[in-house]
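Each remark here refers to the structure printed beneath this line.
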């Protein structure tokens with residue numbers, strides 16, 4: 001997967017600074033869950049918007 005590679009690259013990059021910090025997998029898991037939540041909300045919004053439209057209005061424009 002990409003998460004171990006991203007963790008390794010970020011760990012190497014952050015290790016070059018004078019004030020070092022540690023990364024844990026919870027950060028990557030939180031970002032992944034947040035991205036999935038945004039994707040779900042976007043798809044749900046567009047699906048509900050499409051489901052609520054009147055099909056007759058769409059056919060009038062064709």
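Taken together, the values in this text are just the output of simple stated rules run on the coordinates, not laboratory data. For clarity, every value in this text was computed on a predicted model and none was experimentally measured. When we count neighbours, we look across all protein chains shown, and the Cβ atoms used for this are built from the backbone with ideal geometry, even at glycine.
Taking the 0 to 90 degree range and rounding to the nearest ten, how far is the long axis of helix 2-14 tilted relative to the main principal axis of the chain, both from C-alpha atoms? Taking Cα atoms only, the helix is inclined about 50 degrees. With both labels modelled 7 Å from their Cα along Cα-to-Cβ, the residue 61 to residue 41 distance reads 2.6 nm. Report summary: the helix-based calculation at 222 nm, which adds -39500 (n - 2.57) for every DSSP H run with n ≥ 4 and divides by the residues of the chain, gives -25000 deg cm²/dmol. Rounded to the nearest 10 degrees, the angle from helix 25-52 to the longest Cα principal axis of the chain is 10 degrees. Between residue 52 and residue 17, the C-beta separation translates, for a Förster distance of 30 Å, into a calculated FRET efficiency of about 0.05. Shape analysis of the chain yields a ratio of the Cα radius of gyration to the Kirkwood radius, Rg/Rh, of 1.39. Going 7 Å from the Cα of residue 7 toward and past its Cβ, which residues in region 14-52 have a backbone nitrogen under 11 Å from where you end up? Correct set: 23-29.
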